[in-house]
Amino acid sequence: MRKFILGTDWWDDSDDAVAVRLLTRAVRNGKAQLLGIGINACMEHSVAALRGFLNADNVFDVPLGIDLAANDFGGHPAYQKRLAENFGKGINNTDAEDGVRLYRRLLASADEKIEIIEIGFFQIVANLLESKADDISEKTGLQLVSEKVSKFWVMAGKWSEDGGLENNFARNDRSRIAADTFCRLCPVPITFLGFEIGCGVTTGGHLEHSDHLYDVLSDNGVSGGGYSWDPMLVLMALTGDEEKAGYETVTGTASVDPKSGRNYFVRSDDGNHRFVIKKHENCFYAEQIDRLL
């Protein structure tokens with residue numbers, strides 16, 4: 001069974017919750033194992049809301065990590081408060097492990113290669129790559145990733161233009177610097193799904209009104225369905241093959257300007273990075289996601 005770590009901003013957009021639902025469905029159906037989740041944008045109810053969502057999806061005991069310093073991304077997500085009150089009472093952000101320590105612990109204890117899905121900001125994975133030996137492992141973060149991670153699946157960038165500008169890379173100084181560090185240092189293959197891919201692919205509009213995921217979309221003003229950047233990335237990762245998931249790939253080396261957050265891509269056959277291009281109409285991807293929700 002394939003094993004994953006998820007990184008999410010669990011922020012003020014609802015597509016993170018749709019993406020997590022795809023993962024909990026895969027876990028409950030025995031198609032994947034979710035080793036842990038790192039929250040890389042810290043808000044008042046982040047841990048309680050995510051733990052509550054997992055509990056409501058009947059997926060328990062997934063360890064959570066958080067970057068408590070990442071409290072400068074803004075936003076006021078009504079759905080987080082609702083989830084915390086309904087399903088995560090008594091849980092605080094400080095109940096979660098430090099994000100870098102969680103990743104180091106999970107990688108150090110892994111007995112086979114795992115995959116990391118990133119649908120948020122990059123400071124946890126960037127700090128992981130720069131981490132030194134500690135009480136968890138005598139290996140650096142770079143060594144742990146090299147030895148224990150087979151691939152990163154990443155929702156970030158705008159690859160339809162050189163110098164594209166996209167939120168997960170460019171939100172603030174923290175995200176821009178971390179994105180640059182991640183792209184430069186990551187020693188394993190990365191597949192990027194960019195902003196241009198999820199635009200126009202609307203999912204989540206057919207949920208039962210009793211579903212807590214419906215409440216998340218409703219609180220975010222998209223009860224009829226929202227754009228699907230993060231769910232499309234998770235579906236591709238769960239499929240495990242870009243072509244089978246309905247994409248063409250462009251190979252080369254990605255970079256991010258740490259000052260502007262703009263992304264660039266140099267094409268080459270031997271590059272360690274890829275971005276994807278849709279092969280089908282938007283309904284092809286939307287129908288697959290809605291069927292799994």
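Observations on the model:
- The range 113-143, residues that are touching a strand residue (DSSP E or B) at 6+ places or on another chain (Cβ under 7 Å) and either buried (at least 16 other Cβ atoms within 10 Å of the Cβ) or more than 22 Å from residue 183 (Cα to Cα) (or both): 114, 115, 116, 117, 118, 119, 120, 124, 125
- Lone qualifier among 91, 119, 124 - being β-branched (Val, Ile, Thr) and without any contact (Cβ under 8 Å) to a residue 60 or more places away in the chain: 91
- Within the range 165-192, the set of residues being in contact (Cβ under 8 Å) with a residue 40 or more places away in the chain, under 19 Å from residue 16 (Cβ atoms), part of a helix (DSSP H, G or I) and polar (S, T, N, Q) comprises 168, 175.
- Scanning the range 94-116 for residues that are touching a residue at least 40 places away in the same chain (Cβ under 8 Å) and acidic (Asp, Glu) yields 95, 112, 115.
- When residue 73 is tested against the conditions (1) within 22 Å of residue 153 (Cβ to Cβ); (2) touching a Cys at 6+ places or on another chain (Cβ under 6 Å), the lone failure is (2).
- 1 or more residues of a type in the set (A, V, I, L, M, F, W, C) and touching a strand residue (DSSP E or B) at 6+ places or on another chain (Cβ under 8 Å): qualifying helices (runs of 4 or more DSSP H) within the range 11-97: 15-28, 46-56
- A single member of 244, 259 is in a loop (DSSP other than H, G, I, E, B), farther than 20 Å from residue 19 by Cα and either modelled with pLDDT of 95 or more or of a type in the set (D, E, K, R) (or both), and it is 259.
- Reported count of residues in the range 135-164, each being touching a helix residue (DSSP H, G or I) at 6+ places or on another chain (Cβ under 8 Å), part of a loop (DSSP other than H, G, I, E, B) and within 18 Å of residue 100 (Cβ to Cβ), is 3.
- Pick from the range 47-65, criterion surrounded by fewer than 16 Cβ atoms within 10 Å (Cβ to Cβ) and not hydrophobic (A, V, I, L, M, F, W, C), ranking: nearest to the chain's Cα centre (by Cα): 63
- Cβ-Cβ contacts under 6 Å between residues 6 or more apart (or on different chains), taken from a first residue in the range 68-86 that is closer than 13 Å to residue 216 by Cβ to a second residue that is of a type in the set (A, V, I, L, M, F, W, C) and part of a helix (DSSP H, G or I), are listed as 79/216; 80/49; 83/49; 83/53; 84/48; 84/49.
- Conditions (1) touching a Leu at 6+ places or on another chain (Cβ under 9 Å); (2) in contact (Cβ under 8 Å) with a residue 40 or more places away in the chain; (3) part of a loop (DSSP other than H, G, I, E, B): number failed by residue 213: (3)
- Hits in the range 239-267 (condition: in contact (Cβ under 8 Å) with a residue 24 or more places away in the chain, in contact with a strand residue (DSSP E or B) (Cβ under 6 Å, 6 or more places away or on another chain) and either farther than 17 Å from residue 153 by Cα or crowded, with 20+ Cβ neighbours inside 10 Å (or both)): 242, 247, 254, 256, 263, 264, 265
- Matching residues, the range 267-293, being touching a Leu at 6+ places or on another chain (Cβ under 9 Å) and in a loop (DSSP other than H, G, I, E, B): 293
- Counting only residues that are of a type in the set (D, E, K, R), over 13 Å from residue 237 (Cβ atoms) and in contact (Cβ under 8 Å) with a residue 40 or more places away in the chain, the range 1-35 holds 7 of them.
- Residue check for residue 208: in a loop (DSSP other than H, G, I, E, B) and surrounded by 20 or more Cβ atoms within 10 Å (Cβ to Cβ): no
The values are calculated or read from the model by the stated rules, or taken from the named source; none is laboratory data. What you see is a predicted model; the values in this text were computed from it and never measured. Positions of Cβ are backbone-derived with ideal geometry, glycine not excepted, and every protein chain shown enters the neighbour counts.
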